[in-house]
Amino acid sequence: MTHYYVFNGDADGLCALHQLKLAEPGTANLITGVKRDIKLLDRVQANAGDHVTVLDISLDSNRKGLMRLLETGVAVRYFDHHHAGEIPQHNNFSAYIDLSADICTSVLVDHYLEKRFHNWAITAAFGDNLIKRAQQLANLAGLSKTETEQLACLGEYLNYNGYGDTLADLHFHPAQLYEEMQSFVSPFDFIAKSAAFVKLEQGYKDDMSRADDLQPLVRDDYCAAYLMPDAAWARRVSGIFANKLANESPERAHAVITLNQRGNYTVSVRAALTNPQGADVLCLQFDTGGGRKAAAGINDLPTNALDSFVTSFKQHFRN
Ligand SMILES: [Mn+2]
């Protein structure tokens, strides 16, 4: 019997995996990718009697792979908080799925394990940007202000590591980063003793300071758009740079634009935090656009459509 752990390569996926593996030691096949690579179940070649644990990737996006495994006779355990659609009923299937806005996968795993590795769940809640919930959990757990800040930074750095267009952009392959975390029962020991933490902290600070030097393509009272250079550091930092812009100027909408492997732009749009509406409507005007009201994107904007996007973006959020 082989046990596969299939996990999102971000902070939430890593901390969910780490908690489970601390509770269930033993050899495992790890399947993961960059944060945006969520169709992971297609890659699992398991046989009848094998076990698969899935962490922090949408069931709906993996439905085909999931049904294939269940019908092969594989036992699947699924922890997640993303869009699920209809949850299949099957003897081989156990689902721990909760779409509440203040839940992340590591918190679901924390409940499952009766808080055995609770500080890793708090770390993940910070990493998944559930700041209020994370803060609340840290208070309830009796963590000091300094300890809480340490977990917040760790969550942010682990999350940062998952961003990038391909694995080659990342400081650590997420499976390798998990191996760095594996021996640390406490996140505070990981912070104090691990060379991986030092590398992530330094990388985060270097990339963010480069991003802070960028000049916006456009910036007014309503919105700002940034074109990131074609470089690994820019692909790593673009997601968290967008979060930072939003937190610093909550009254503005933001667009962060990066060149992707296919030679097109990937556009990430966030509506103003003070009025989180309309990002989806803007992005749906473009062929490969989609998303939610507060946060949406365009997967492949042709480079010659940049001006037209910027014009639509400005008009859209002025109204
Ligand atoms: Mn998550």
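The values are calculated or read from the model by the stated rules, or taken from the named source; none is laboratory data. What you see is a predicted model, and the numbers here were worked out from it, not measured in a lab. Note: ideal-geometry Cβ built from the backbone for every residue, glycine included; neighbour counts use all protein chains shown.
In the stretch 77-109, the qualifying residues are those that are β-branched (Val, Ile, Thr) and surrounded by fewer than 19 Cβ atoms within 10 Å (Cβ to Cβ), and the one that is farthest from the chain's Cα centre (by Cα) is 87.
Residue check: residue 245 meets all listed conditions (1) surrounded by 14 or more Cβ atoms within 10 Å (Cβ to Cβ); (2) in contact (Cβ under 8 Å) with a residue 40 or more places away in the chain but one, namely (2). Taking each residue of the stretch 101-115 that is under 20 Å from residue 186 (Cβ atoms) and away from the ligand (no atom under 12 Å from the Cβ) and looking for partners that are of a type in the set (A, V, I, L, M, F, W, C) and assigned to a loop (DSSP other than H, G, I, E, B) with beta-carbon atoms closer than 8 Å, six or more apart or interchain, yields 110/117. Please go through the stretch 119-132 and give me each residue that is in a helix (DSSP H, G or I) and surrounded by 19 or more Cβ atoms within 10 Å (Cβ to Cβ), ordered by number. Of everything in the stretch 119-132, those that are in a helix (DSSP H, G or I) and surrounded by 19 or more Cβ atoms within 10 Å (Cβ to Cβ) turn out to be 119, 120, 121, 122, 123, 124, 125, 126, 127. In the stretch 3-76, counting only strands (runs of 3 or more DSSP E) that sit wholly within it, the ones holding 2 or more residues that are touching a residue at least 12 places away in the same chain (Cβ under 8 Å) and within 15 Å of the ligand (Cβ to nearest atom) span 3-7, 51-55.
Conditions tested, residue by residue: (1) over 21 Å from the mean Cα position of the chain (by Cα); (2) within 23 Å of residue 207 (Cβ to Cβ).
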| site | (1), (2) |
| --- | --- |
| 239 | no, yes |
| 254 | no, yes |
| 272 | no, no |
| 289 | no, no |
| 309 | yes, no |
| 313 | yes, no |
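Between 155, 164, the distinction of being buried (at least 23 other Cβ atoms within 10 Å of the Cβ) and not in a helix (DSSP H, G or I) belongs to 164 only. Looking only at the stretch 161-182, residues that are in contact with a Phe, Trp or Tyr (Cβ under 9 Å, 6 or more places away or on another chain) and either among the hydroxyl-bearing types (Ser, Thr, Tyr) or not assigned by TED's automatic domain parsing to the domain that holds residue 128 (or both) come to 1 in all. Surrounded by 16 or more Cβ atoms within 10 Å (Cβ to Cβ) and modelled with pLDDT under 90: is that true of residue 294 in this structure? When the stated conditions are applied, residue 294 passes them. Here the condition is being hydrophobic (A, V, I, L, M, F, W, C), buried (at least 20 other Cβ atoms within 10 Å of the Cβ) and either in the same structural domain as residue 131 (by TED's automatic domain parsing) or at pLDDT below 95 (or both); of 22, 41, it holds for 41 alone.
Are any residues in the stretch 240-292 in contact with a Leu (Cβ under 9 Å, 6 or more places away or on another chain) and acidic (Asp, Glu), and if so, which ones? Answer for the stretch 240-292, where residues must be in contact with a Leu (Cβ under 9 Å, 6 or more places away or on another chain) and acidic (Asp, Glu): 251, 287. The set of residues from the stretch 239-262 being among the acidic types (Asp, Glu) and assigned to a loop (DSSP other than H, G, I, E, B) comprises just one member, 251. Number of residues in the stretch 77-98 that are touching a residue at least 12 places away in the same chain (Cβ under 8 Å) and more than 21 Å from residue 10 (Cβ to Cβ) equals 7. When residue 120 is tested against (1) closer than 26 Å to residue 160 by Cβ; (2) away from the ligand (no atom under 16 Å from the Cβ), exactly one condition is not met: (2). Can we say residue 141 is away from the ligand (no atom under 16 Å from the Cβ), surrounded by 15 or more Cβ atoms within 10 Å (Cβ to Cβ), over 30 Å from residue 260 (Cβ atoms) and among the small types (Gly, Ala, Ser)? Considered against the rule, which asks whether it is away from the ligand (no atom under 16 Å from the Cβ), surrounded by 15 or more Cβ atoms within 10 Å (Cβ to Cβ), over 30 Å from residue 260 (Cβ atoms) and among the small types (Gly, Ala, Ser), residue 141 comes out as yes.
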